[in-house]
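See structure below.
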Amino acid sequence: MSSKTVTLQHPTGSSASIELFGAHVSSWKAPDGVERLYMSRKTSLTGPAPIRGGIPICFPFFGPPPTADQASSDPLLAPHTAPELSNLTHGFVRTASWDLVSSTSTSATFSFPSSSVPSTYGGLDIGYTVTLTEKGLKTELSATSKERIKVKMAFHTYHAVSDSDKSEIEGISPGLKTKNNLAGGAESIWQGGKIGMKNEIATVALGAAGEELILHDGPSNVAISSSGLPDVLLWNPKDKAGTSVWSDMEVGDAKRFTCVEPAIIEEWKVLEPGEKFIASQALSVL
Ligand SMILES: O=P(O)(O)OC[C@H]1O[C@H](O)[C@H](O)[C@@H](O)[C@@H]1O
């Protein structure tokens, strides 16, 4: 491993790797030694493009940055309209190198360099801790802004599966609102049951992240929980992976992963000056 990769090892045998570029978890192996995160064989681990696979951190906005028009009617969005952000999706922390602050064999803490924060933010401290637990992995982002701003975020986790066509997500409560981004954000009320990943999907379940979700992949199951993140986005591009849209994946790669993304997507979260924002995700093999 190069010095740009931090590795963690738990006495149970589980391990993790985190790239300084994006503070990106690029590997998580459970105690059975099986890799639990998909990584594209076509991605670079040192940029400049975001790493494809693993756990991208999307912050402090999700999707394209707000436009100047949106910011003129909502000044709390103005920091996101820095010219250098105009071509970025999902924020700027996944396309810059972070600093390693401290580490033990099972945990590492990173900080995002203040010199890489656009000046429009007027001061934003961002930290990140990755911890291996007995059977799992915890990721926790913290952020404090000097000025009142609005943020969105996601842990865009690419779970490795043996065949995404057969993988299913259990735990979305009946009655929650969902939005189908492949149908212009069409809203429905979730009726209950498991959500299959057989077809292309970009569905947000609003208010789902407070509950424990279970990703079923044949006999192998992973529990997913989070805090500070009210929504969950389920995403798989299916046949579009490996085409010109996602040329940083190989054709057929979409079968190898299922993205379950604890997130703040629907409503911007207001950060008051000095407030410590904390968002975490916990994954655990069952
Ligand atoms: O290609 P990326 O910028 O990594 O984004 C990949 C995908 O992330 C999310 O799941 C969004 O809902 C998708 O619209 C987006 O295409």
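Each value in this text was obtained by applying a stated rule to the coordinates, not by laboratory testing. Owing to the predicted nature of the structure, the values given are computational and were not obtained by experimental measurement. Cβ atoms come from the backbone with ideal geometry, glycine included; neighbour counts cover every protein chain shown.
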Next on the checklist: Run the paramagnetic zone check for Ser97: 7 angstrom along Cα to Cβ, then residues of the range 2-22 with backbone nitrogen under 17 Å.
Outcome noted: 2-7, 18-22
Checklist entry - Using a Förster distance of 35 Å, how high is the FRET efficiency between Ser227 and Glu250, based on the Cβ-Cβ distance and rounded to 0.05? => result 0.50
Checklist entry - With +1 on each Lys and Arg Cβ and -1 on each Asp and Glu Cβ, how big is the dipole of the range 5-285 about its Cα centre, in debye rounded to the nearest 20? => result 260 debye
Checklist entry - Once label points are set 7 Å from the Cα along Cα→Cβ at both Leu88 and Lys194, what is their separation, rounded to one decimal in nm? => result 3.8 nm
Checklist entry - With r defined as the distance between the Cβ atoms of Leu182 and Ala49 and R0 fixed at 22 Å, what FRET efficiency is calculated, to the nearest 0.05? => result 0.40
Item to check | Qualifying aspartates and glutamates (Cα of each under 15 Å from Cα of Lys29; at least 8 residues distant if same chain) | outcome: Glu134
Checklist outcome for this item: Between the alpha carbon centres of the range 88-111 and the range 209-286 the gap in Å comes to 18 Å
Next on the checklist: I need the Debye-formula profile for the range 5-285: one equal scatterer per C-alpha, no solvent, reported as log10 I(q)/I(0) at q = 0.09, 0.11, 0.13 1/Å, two decimals.
Outcome noted: -0.39, -0.60, -0.86
Checklist entry - What is the gain in length, in nm to one decimal, between Asp32 and Arg148 on full extension, counting 0.36 nm per residue of separation less the C-alpha to C-alpha distance? => result 37.2 nm
Checklist outcome for this item: Row for the range 88-183, column shape: gyration tensor on C-alpha, a ≥ b ≥ c, rounded if a/c < 1.5 i.e. under 1.5, prolate if a/b over b/c, else oblate; value oblate
Item to check | Relative contact order (%) - the range 5-285, alpha-carbon pairs under 8 angstrom, separation at least six | outcome: 19 percent
